[in-house]
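> Can you keep this structure in mind? I'll have questions shortly.
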Amino acid sequence: MRTCGTRGVTLMDTVVGTALMLLIFLGIFAAFQLSVDVVLNNKARAGAIALANERMEYIRSLTYAQVGTVGGIPAGIIPQTETIILNGISYTRRTFIQYSDDPGDGSGGADTNSITADYKALRSDVYWASRHGERHITVLSRVSPGGNGIETAVPGGTLTLTVVNAFSQPVSNAQIHIVNSATTPASLAIDFITYTNVNGTASFIGATTTGSYQITVTKSDYSKDRTYGVTAENTSPSPAHLAVYLNQTTSWTFGIDILAQKTINTWTPILPAVWTDTFADNSRIAASASTTVSTGAVRLSGSSPYDSTGSVQSVSIAPAYLAKWKTLSWSATSPVGTGVTYRVHNASGSSLIPDSQLPGNSAGFSTSPVDLTGVSTSTYAGIRLDAQFTSTGINTASIDVWNVEYDYGPQVLPNVDFTLTGAKSTGTGPSGTQYKYSTSQNSGVSARVVLPDMEWDTYEFRPTGTVYDIASACHDATESPLMFVSSTKFSLAANSQTVSDMYLVTHTTNALSVDVRSVATGLFIPYATIRLYKTGYDTTQTADRCGQTIFSSLSSGTYTLVVSASGYTTSTNIAVPVSGTTRSSVSLN
């Protein structure tokens, strides 16, 4: 018998119903949690207000002379910081008191009665932790002199501190830690923290004239600035701890800004190399027809009468880290009735490099050298040389050697020891200038060092010892080359993340580093051609992308430089004395 009008509960019905109920209960729970948070926060806030008001009422019960904080300016009996448990909640109460100059009777030097300590400004901050982070309330007030209410001069001077960034703009809310532990009497020793206002300043009237003030300025994610004391290493600190003089204002400006990150990579530079076959054997020949290798030369096979044609093709020439093809050259003998024509193929030898990249290649070359600089290294990472022999039968031409010149690199250069030193100093001592930043580093197996939390400054990179010479230094475009004193220096801007690539070669007794710049802009000119020569030496190198190169393993003496670059007037016959590691900068119009 069939029953009608009833149906079961499917799995889908169960899932949908459960989801709806979950949403409803989550909403109820969120509303309940919010109400609990509101109640707890109101309770905590009420306690904080009570503690702040309690502090103000206590201050009002004191005499005017007693109103001050322990270690503060003015000094008094009130703790700067207290931890208080109230209704099961932990609070931190901070009290800050300072003299204030009321503009009603003129400010600073324009004060009509020359008394700038008109009243004491009070600030009570109470902090507590909530589920959503730290919360706090602030209560402000002031107290004026008692009795007749007329302000009186306070002993001491005024300490005014200003904090600016790298562009000399004010930095607000910078933390200033002030310490003076050599006061007289010792009970008035100063140690407190305050913050700059919107104008980047903090000023303290009534600062004691005994002892010296150690100032440290910080802000989250910013660099740090401070004063320095005399030590055996730093006998003349700058800036030194500050002194305050009676009825005078001591002012000082500190500089901090957002920290930067610097990455330094160490490389070998782009270097020249030559692929050569002297035909001592067949090891560098991939294919041949009617030719033979014998006694250091390749020629048509057999003896007179020789075949009318023959050929030889090299193995693939595919250097690692290929940067630039330069020239094909050869040394050959071609008696009457013979000839050799040279062509350049792709790496497999299956096709010729087109005339669009190597003009004249399809017809072949007969005059050495052949310029290969137009051949793309990305399209043709490898090439093969091909020589076609012709003969009337009586004689045969012979090739004694053929060469391909190219540039290769850069390659990573791991485990380089170097120092990095900033230009900012903290004073001088027996060993000379004391630098604010000086560190020793090693580039490690990755040939890379990442330096976070760097201050804006000009830094100098130096390889440690005499292992390496700097061939070139390439810096981000954001770091102006006009700032460079030499290729080893770079300017690091605040709040930047930049990279410097340092190209190093093995140190030699005599070397010449050359950089090429534009007269008009002062910027480096990339890929300039630089020829250096003197009697018994003649070498041409190509500057890298940063307009720099180095000639190593030189003998001392005077050399001649000739520098050229596309679009610039060639400089000719620049005399350069070389002794030790020498540097020359050439500017082109």
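> Is it the case, given these coordinates, that SER114 is at pLDDT below 90 and in a loop (DSSP other than H, G, I, E, B)?
yes
> In this structure, does SER294 turn out to be out of contact with any Leu (no Cβ under 8 Å at 6 or more places or on another chain) and free of Cβ contacts under 8 Å to residues at least 12 places away in the same chain? Can you show your working first?
Details: out of contact with any Leu (no Cβ under 8 Å at 6 or more places or on another chain): yes; free of Cβ contacts under 8 Å to residues at least 12 places away in the same chain: yes.
Yes: the conditions hold for SER294.
> Separate question: Condition test on GLY465, is it out of contact with any helix residue (DSSP H, G or I) (no Cβ under 8 Å at 6 or more places or on another chain), small (Gly, Ala, Ser), modelled with pLDDT of 95 or more and over 20 Å from THR426 (Cβ atoms)?
Values: out of contact with any helix residue (DSSP H, G or I) (no Cβ under 8 Å at 6 or more places or on another chain): yes; small (Gly, Ala, Ser): yes; modelled with pLDDT of 95 or more: no; over 20 Å from THR426 (Cβ atoms): yes.
No, not satisfied.
> If you don't mind, there's one more thing I want to ask. Residue by residue through the stretch 419-444, note down the ones that are closer than 15 Å to MET454 by Cβ, out of contact with any Ser or Thr (no Cβ under 6 Å at 6 or more places or on another chain) and not in a loop (DSSP other than H, G, I, E, B). Break it down stepwise before answering.
Initial filter on the stretch 419-444 (closer than 15 Å to MET454 by Cβ): 419-424, 435-439, 441.
Now restrict to residues that are out of contact with any Ser or Thr (no Cβ under 6 Å at 6 or more places or on another chain): 422, 424, 437, 439, 441.
Matches in the stretch 419-444: GLY422, THR439, GLN441.
> Which of the residues that make up the stretch 562-589 are β-branched (Val, Ile, Thr) and in a strand (DSSP E or B)?
Of everything in the stretch 562-589, those that are β-branched (Val, Ile, Thr) and in a strand (DSSP E or B) turn out to be VAL562, VAL563, THR572, ILE574, VAL576, VAL578, THR581, THR582, VAL586.
> Examine the stretch 504-514 for a residue that is out of contact with any Ser or Thr (no Cβ under 9 Å at 6 or more places or on another chain) and surrounded by fewer than 21 Cβ atoms within 10 Å (Cβ to Cβ), and state whether such a residue exists. First the steps, then the outcome.
Step one: filter the stretch 504-514 for residues out of contact with any Ser or Thr (no Cβ under 9 Å at 6 or more places or on another chain), giving none.
No, there is no match, as no residue in the stretch 504-514 is out of contact with any Ser or Thr (no Cβ under 9 Å at 6 or more places or on another chain) and surrounded by fewer than 21 Cβ atoms within 10 Å (Cβ to Cβ).
> Still on this structure, please answer the following. Scan the stretch 549-569 for residues that are surrounded by 12 or more Cβ atoms within 10 Å (Cβ to Cβ) and either modelled with pLDDT under 90 or of a type in the set (Val, Ile, Thr) (or both) and jot them down.
Selection gives THR549, ILE550, THR560, VAL562, VAL563.
> Taking LYS324 as meeting all but one of (1) closer than 19 Å to PHE279 by Cβ; (2) surrounded by 16 or more Cβ atoms within 10 Å (Cβ to Cβ), write down the number of the exception.
That leaves (1) as the condition not met.
> Still on this structure, I have one more. Out of all the residues in the stretch 198-211, which are surrounded by 17 or more Cβ atoms within 10 Å (Cβ to Cβ) and more than 24 Å from ASN165 (Cα to Cα)?
If the condition is that a residue be surrounded by 17 or more Cβ atoms within 10 Å (Cβ to Cβ) and more than 24 Å from ASN165 (Cα to Cα), then ILE205, GLY206, ALA207, THR208, GLY211 are the ones that fit.
> Among the candidates PHE279, PHE192, which residue alone is farther than 30 Å from HIS475 by Cα and assigned to a loop (DSSP other than H, G, I, E, B)?
Selected residue: PHE279, the only one of PHE279, PHE192 that is farther than 30 Å from HIS475 by Cα and assigned to a loop (DSSP other than H, G, I, E, B).
> Could you look through the stretch 381-406, keep only residues that are in a loop (DSSP other than H, G, I, E, B), aliphatic (A, V, I, L, M) and surrounded by fewer than 18 Cβ atoms within 10 Å (Cβ to Cβ), and pick out the one that is farthest from the chain's Cα centre (by Cα)?
Here the answer is ILE394.
> Checking ARG135 against (1) under 30 Å from SER61 (Cα atoms); (2) not in a strand (DSSP E or B), which test does it fail?
Tallying (1) under 30 Å from SER61 (Cα atoms); (2) not in a strand (DSSP E or B), ARG135 fails exactly one: (2).
> Can you list residue pairs whose Cβ atoms sit under 9 Å apart, with the first residue in the stretch 489-503 being more than 21 Å from PHE167 (Cα to Cα) and the second being part of a loop (DSSP other than H, G, I, E, B) and among the charged types (D, E, K, R)? Count only pairs 6 or more apart in sequence or on different chains.
Pairs found: VAL499/ASP476; SER500/ASP476; SER500/GLU479; TYR503/ASP544.
> Take the stretch 483-495 and flag every residue that is among the polar types (S, T, N, Q) and at pLDDT below 95.
Listed by number, the residues that qualify are SER486, SER487, THR488, SER491.
> If you check PRO430 against the conditions, is it under 46 Å from the mean Cα position of the chain (by Cα) and surrounded by 13 or more Cβ atoms within 10 Å (Cβ to Cβ)? Spell out the reasoning first.
On the way: under 46 Å from the mean Cα position of the chain (by Cα): yes; surrounded by 13 or more Cβ atoms within 10 Å (Cβ to Cβ): no.
No.
> Is it the case that the stretch 348-367 has a residue that's assigned to a strand (DSSP E or B), outside the structural domain of ALA471 (by TED's automatic domain parsing), in contact with a Ser or Thr (Cβ under 7 Å, 6 or more places away or on another chain) and not hydrophobic (A, V, I, L, M, F, W, C)?
So far as the stretch 348-367 goes, no, none of its residues is assigned to a strand (DSSP E or B), outside the structural domain of ALA471 (by TED's automatic domain parsing), in contact with a Ser or Thr (Cβ under 7 Å, 6 or more places away or on another chain) and not hydrophobic (A, V, I, L, M, F, W, C).
> Which one of these does TYR195 not meet: (1) crowded, with 18+ Cβ neighbours inside 10 Å; (2) over 14 Å from ALA243 (Cα atoms); (3) not aliphatic (A, V, I, L, M)?
In the conditions (1) crowded, with 18+ Cβ neighbours inside 10 Å; (2) over 14 Å from ALA243 (Cα atoms); (3) not aliphatic (A, V, I, L, M), TYR195 misses (1) alone.
> Of the numbered conditions (1) under 30 Å from ALA493 (Cβ atoms); (2) buried (at least 18 other Cβ atoms within 10 Å of the Cβ); (3) modelled with pLDDT of 95 or more, GLY409 fails exactly one; give the number of that condition.
The number of the failed condition is (3).
> Sticking with this structure for a sec: From PHE279, PHE254, grab the single residue that is closer than 30 Å to GLU455 by Cα and either in contact with a helix residue (DSSP H, G or I) (Cβ under 6 Å, 6 or more places away or on another chain) or modelled with pLDDT of 95 or more (or both).
That would be PHE254, the only listed residue that is closer than 30 Å to GLU455 by Cα and either in contact with a helix residue (DSSP H, G or I) (Cβ under 6 Å, 6 or more places away or on another chain) or modelled with pLDDT of 95 or more (or both).
> Give me the residue from the stretch 213-252 that is part of a loop (DSSP other than H, G, I, E, B) and more than 36 Å from the chain's Cα centre (by Cα) and, out of that set, surrounded by the most Cβ atoms within 10 Å (Cβ to Cβ).
Of the stretch 213-252, the ones part of a loop (DSSP other than H, G, I, E, B) are 219-221, 223-224, 227, 229-235, 238-239, 241, 243-248.
In the following step, the residues that additionally are more than 36 Å from the chain's Cα centre (by Cα) were identified as 243-248.
Working: ALA243: 15, VAL244: 22, TYR245: 12, LEU246: 9, ASN247: 12, GLN248: 12.
Here the answer is VAL244.
> Could you run through the stretch 348-382 and say how many residues are in contact with a Leu (Cβ under 8 Å, 6 or more places away or on another chain) and among the hydrophobic types (A, V, I, L, M, F, W, C)?
Final tally of qualifying residues: 6.
> Just the residues that are surrounded by fewer than 20 Cβ atoms within 10 Å (Cβ to Cβ) and under 57 Å from the mean Cα position of the chain (by Cα), please, taken from the stretch 294-316. Step through it out loud before you land on a result.
Step one: of the stretch 294-316, the residues surrounded by fewer than 20 Cβ atoms within 10 Å (Cβ to Cβ) are 294-297, 301-305, 307-309, 311, 313, 315-316.
Selection gives GLY296, ALA297, SER311, GLN313, VAL315, SER316.
> Can you say whether LYS262 is within 55 Å of the chain's Cα centre (by Cα), part of a strand (DSSP E or B), more than 30 Å from ASN495 (Cβ to Cβ) and charged (D, E, K, R), as far as the supplied structure shows?
Criteria not met by LYS262.
> Criterion first (assigned to a strand (DSSP E or B), under 26 Å from the mean Cα position of the chain (by Cα) and either at pLDDT 90 or above or not hydrophobic (A, V, I, L, M, F, W, C) (or both)) does PRO414 satisfy it?
no
The values are calculated or read from the model by the stated rules, or taken from the named source; none is laboratory data. Since the model is a prediction, treat every value here as computed from it, not as a measurement. Cβ atoms come from the backbone with ideal geometry, glycine included; neighbour counts cover every protein chain shown.
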